[in-house]
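S.K.: Below: one structure in structure tokens.
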Amino acid sequence: IYNWKDYMYILSQYRFILSPYSNDSNTFHLKFYEALLVDSIPIHQIHGNTLEYYSKEALYPDVIYFQDPSEVADKVNNFKLDRSSTKPWLEDELASFFLEHNIKIDKNEYN
């Protein structure tokens, strides 16, 4: 894969994208969001309390979450959606954060 566009194209060819945690971290890494960006369905490994910290991600209807790898086969076989439709964007998160904290910015300043 020579560039990000080719990488994303290849990801988009898959219905499911495995997104396990690494080094025992309790986070969502880039592959999770990349899968959503190309309408693939992330299969994301979590700890028991992960979704308490990531409450927005917990509400995504087009993600398969698992704790133990033995759960994956049943969850994939019983999953009904063909593609994801969730499109999280950092800009939306920042706009909400600024509004919530009463922070005013001049958009023209950054163009």
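S.K.: Which length gain, in nm to one decimal place, applies between PHE79 and TYR21 when the Cα-Cα distance is subtracted from 0.36 nm times their residue separation?
M.R.: 18.8 nm
S.K.: Something else now. What pairs in LYS5/LYS56; LYS31/LYS56; LYS5/LYS104; LYS31/LYS104 have C-alpha atoms more than 25 Å from each other?
M.R.: Table pairs above 25 Å Cα-Cα are LYS5/LYS56; LYS5/LYS104; LYS31/LYS104.
S.K.: Another question, then. What FRET efficiency comes out for the pair LYS56/ASP6, r = Cβ-Cβ distance, R0 = 41 Å, nearest 0.05?
M.R.: Efficiency computed from Cβ-Cβ geometry: 0.90.
S.K.: Let me ask you something else. What does the charge add up to near SER19, with Lys and Arg as +1, Asp and Glu as -1, over the other residues with Cβ less than 12 Å from its Cβ?
M.R.: -1
S.K.: Right, next: Taking amide H positions as placed 1.01 Å from N in the peptide plane, with prolines and chain starts having none, which residues 5 or more places from ILE17, or on another chain, fall under 5 Å of its amide H?
M.R.: ILE41, ILE43
Where a number appears in this text, it was derived from the coordinates with a stated rule and is not lab data. Note that the structure is a prediction, hence the values are computed from the model and not measured. Methodologically, a virtual Cβ is constructed for each residue, glycine included, from the backbone with ideal geometry; neighbour enumeration extends over all protein chains shown.
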